[in-house]
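In what follows, a single structure is set out as structure tokens and then discussed.
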Amino acid sequence: MRQSFLFTKTRKEAPKDEVAQNAKLLIRAGFIHKEMAGVYSYLPLGLRVMEKIVGVIREEMNAIGGQEVTLTALQDKKVWETSGRWDDSVLDVWFKTKLKNDTELGLGTTHEEQLTALMKDYIASYRDLPRYVYQFQTKFRNETRAKSGIMRGREFMMKDLYSFSADQESHDVFYEKTKQAYSRVFARLGLGDRTYVTFASGGSFSKYSHEFQTVTDAGEDSIFIDEKKKIAVNKEVLNDEVLKDLSIKRIDLVEKKAVEVGNIFSLGIRFSDAFELNFVASDGSKKPVIMGSYGIGPGRLMGTIAEVLSDANGLVWPEVVAPFRLHLIALFDKEGKVKTYTDELYQELTEQGVEVLYDDRDQRAGEKFADADLIGIPYRAIVSDKTLAERVVEFKDRKTGDVTKISETELQKILAKKAN
């Protein structure tokens, strides 16, 4: 991508009504556009980051046997009445609408109901189990407040996976596999050292569910962490019984703000019973399917990365999700030699499969460097008349700030290494 062709531009200020740091940075850097409170459009740079986050999650879900689908956003009222969750007093975040014939519809907030009803066509015998089905799909929630940028939206993408098992034992095995897969996702995205598996309420389905909470002052949740044991508990469920269950002491816990970037919980037979999702067991008896639900918000992850991995100058993307691997910056000379050389280098790197954002704009060096810091691409290569005379490029690591002079061959070797 030549930066001169990129229709988005950086800006010095974010919208005055924007309070979340993640949104301020992402808007200023040209990754997202605010449509209204809690609703954001993803621009070319932001979409590239989003797709890479989705790619990491997809890899981990496929590795544990997930099968990907896409379910509809429009929801049948009758399906939700079957589970008892159509009523606003039960589920209070609905966006509802009507067809021209006055038939009521809802915009999906989650998809337990729809997928359970769908799986009735595909699960009849123990031979059909287990099944693990997931999707990346836009969700709609009529949140009372939406002040956390893309970390809490009214329209947002969600990866939701649902498991269908024959018994509690096989469900528990998959539940643990998913917990480990989620931990790998957060580690790959650069959040592993500050993201805790956090014990939370299991509701009516189980004693505990598990949240994945990333420590940040921008978080809306409070968690208590035993840093030696790497155990965390949501403030909402912390009591003497929980302390005893987890073999931890209140005096060892540190309270911190955090944002929930994922959650997993057992559903038991709550939806199987409601929709009569049963199967014939090997002994000929009829049994309800045991279910689980597992969610990650790619947009919330993107916002969290922007919050916790940025610095005073802008975004600092991990290599695995950065919109480009290299920001190539040309500081043009009057003779045009720098442009000629940098055009050729850009072409070579692109042909080698390196993702390059080439700043070929006719701007001052200071403006280019400030924009590069704000956009936050992991590596930067600067070509000027001085580096051209020395037959090197100035190479900068965005994360560490280290600057070295290296040859074109050395640059290509560094960029040939794949991100995790």
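The values are calculated or read from the model by the stated rules, or taken from the named source; none is laboratory data. Small disclaimer: the values here were computed from a predicted structure and weren't measured. For neighbour counting, all protein chains shown are included, and Cβ atoms are generated from backbone atoms with ideal geometry for every residue, glycine included.
For region 1-77, please list each of the strands (runs of 3 or more DSSP E) lying entirely inside it that holds at least 2 residues being of a type in the set (Phe, Trp, Tyr) and surrounded by 15 or more Cβ atoms within 10 Å (Cβ to Cβ). Full working, then the answer.
Values: elements: 32-36, 39-42, 67-69, 74-76.
Filter on region 1-77 gives 39-42.
Within region 334-365, being charged (D, E, K, R), surrounded by 15 or more Cβ atoms within 10 Å (Cβ to Cβ) and in a loop (DSSP other than H, G, I, E, B) holds for GLU355, ASP360, ARG361.
Candidates are the residues of region 227-240 that are closer than 10 Å to TYR196 by Cα and either of a type in the set (D, E, K, R) or in contact with an Asp or Glu (Cβ under 9 Å, 6 or more places away or on another chain) (or both); the one that is surrounded by the most Cβ atoms within 10 Å (Cβ to Cβ) is ALA232.
Taking region 63-95 on its own, how many of its residues are in contact with a strand residue (DSSP E or B) (Cβ under 8 Å, 6 or more places away or on another chain) and among the hydrophobic types (A, V, I, L, M, F, W, C)? First the steps, then the outcome.
Going through region 63-95, the residues in contact with a strand residue (DSSP E or B) (Cβ under 8 Å, 6 or more places away or on another chain) turn out to be 64-71, 73-77, 80, 86, 94-95.
Next cut, among the hydrophobic types (A, V, I, L, M, F, W, C) only: 64, 69, 71, 73-74, 80, 86, 94-95.
Within region 63-95, residues that are in contact with a strand residue (DSSP E or B) (Cβ under 8 Å, 6 or more places away or on another chain) and among the hydrophobic types (A, V, I, L, M, F, W, C) number 9.
The residue pairs whose first member lies in region 98-124 and is in contact (Cβ under 8 Å) with a residue 60 or more places away in the chain, whose second member is buried (at least 18 other Cβ atoms within 10 Å of the Cβ) and in a loop (DSSP other than H, G, I, E, B), and whose beta carbons are closer than 6 Å, counting only pairs six or more residues apart or on different chains, are THR116/LEU277; LYS120/LEU277. A single member of ASN239, ASN234, ASN278, ASN263 is touching a Gly at 6+ places or on another chain (Cβ under 8 Å) and at negative phi, and it is ASN263.
Out of the residues in region 205-226 that are among the small types (Gly, Ala, Ser) and in contact with a Lys or Arg (Cβ under 7 Å, 6 or more places away or on another chain), which is surrounded by the fewest Cβ atoms within 10 Å (Cβ to Cβ)? Filtering first and then ranking leaves SER222. With respect to the conditions (1) surrounded by fewer than 16 Cβ atoms within 10 Å (Cβ to Cβ); (2) touching a residue at least 12 places away in the same chain (Cβ under 8 Å), ARG141 lacks only one, and its number is (1). Looking across region 372-402, the residues that are outside any loop (DSSP other than H, G, I, E, B), touching a strand residue (DSSP E or B) at 6+ places or on another chain (Cβ under 8 Å) and small (Gly, Ala, Ser) come down to ALA372, ALA381.
Just give me the residues in region 143-161 being more than 16 Å from TYR40 (Cβ to Cβ), touching a Phe, Trp or Tyr at 6+ places or on another chain (Cβ under 8 Å) and part of a loop (DSSP other than H, G, I, E, B), in sequence order. Before the answer, list the steps.
Initially, region 143-161 is screened for residues more than 16 Å from TYR40 (Cβ to Cβ), giving 144, 159-161.
After this cut, where a residue has to be touching a Phe, Trp or Tyr at 6+ places or on another chain (Cβ under 8 Å) as well, the list is 159-161.
None - no residue of region 143-161 is more than 16 Å from TYR40 (Cβ to Cβ), touching a Phe, Trp or Tyr at 6+ places or on another chain (Cβ under 8 Å) and part of a loop (DSSP other than H, G, I, E, B), so the list stays empty.
Within region 59-91, the set of residues being of a type outside the set (Ser, Thr, Tyr) and either free of Cβ contacts under 8 Å to residues at least 24 places away in the same chain or not assigned by TED's automatic domain parsing to the domain that holds LEU115 (or both) comprises GLU59, ASN62, LYS78, GLU81, TRP86, ASP87, ASP88, VAL90, LEU91.
From the list ILE382, ILE375, which residue is aliphatic (A, V, I, L, M), under 25 Å from the mean Cα position of the chain (by Cα), under 30 Å from ARG28 (Cα atoms) and assigned by TED's automatic domain parsing to the domain that holds ALA330? Reasoning before the result, please.
Numbers: ILE382 fails: under 25 Å from the mean Cα position of the chain (by Cα).
Result: ILE375 is the single residue among ILE382, ILE375 that is aliphatic (A, V, I, L, M), under 25 Å from the mean Cα position of the chain (by Cα), under 30 Å from ARG28 (Cα atoms) and assigned by TED's automatic domain parsing to the domain that holds ALA330.
Evaluate region 213-232: report whether one residue or more is over 23 Å from TYR182 (Cα atoms) and in a loop (DSSP other than H, G, I, E, B). Checked region 213-232: no residue is over 23 Å from TYR182 (Cα atoms) and in a loop (DSSP other than H, G, I, E, B).
Looking at region 182-195, is at least one residue in a strand (DSSP E or B) and either closer than 29 Å to VAL321 by Cα or outside the structural domain of TYR40 (by TED's automatic domain parsing) (or both)? Show your work before the answer.
To start, the set of residues in region 182-195 that are in a strand (DSSP E or B) comprises 195.
Going one step further and asking which of them are either closer than 29 Å to VAL321 by Cα or outside the structural domain of TYR40 (by TED's automatic domain parsing) (or both), we end up with 195.
Within region 182-195, one or more residues are in a strand (DSSP E or B) and either closer than 29 Å to VAL321 by Cα or outside the structural domain of TYR40 (by TED's automatic domain parsing) (or both).
Scanning region 156-203 for residues that are modelled with pLDDT under 95 and of a type in the set (Phe, Trp, Tyr) yields a single hit, PHE156.
Every listed requirement among (1) in contact with a Ser or Thr (Cβ under 8 Å, 6 or more places away or on another chain); (2) without any contact (Cβ under 8 Å) to a residue 12 or more places away in the chain is met by GLY401 save one, (1).
Go through region 283-327 and give me each residue that's part of a helix (DSSP H, G or I) and of a type in the set (S, T, N, Q).
Taking region 283-327 as the starting set, the residues that turn out to be part of a helix (DSSP H, G or I) are 298-308.
Within region 283-327, just THR304 meets the criteria.
Taking the conditions (1) more than 21 Å from ARG28 (Cα to Cα); (2) not in a loop (DSSP other than H, G, I, E, B) in turn, PHE369 satisfies each one other than (1). For region 281-305, the set of residues classified as among the basic types (Lys, Arg) and either in contact (Cβ under 8 Å) with a residue 60 or more places away in the chain or surrounded by 24 or more Cβ atoms within 10 Å (Cβ to Cβ) (or both) consists of LYS287, ARG300, listed by residue number. Here is the figure for region 250-280: residues that are under 28 Å from the mean Cα position of the chain (by Cα), of a type outside the set (A, V, I, L, M) and crowded, with 22+ Cβ neighbours inside 10 Å total 4.
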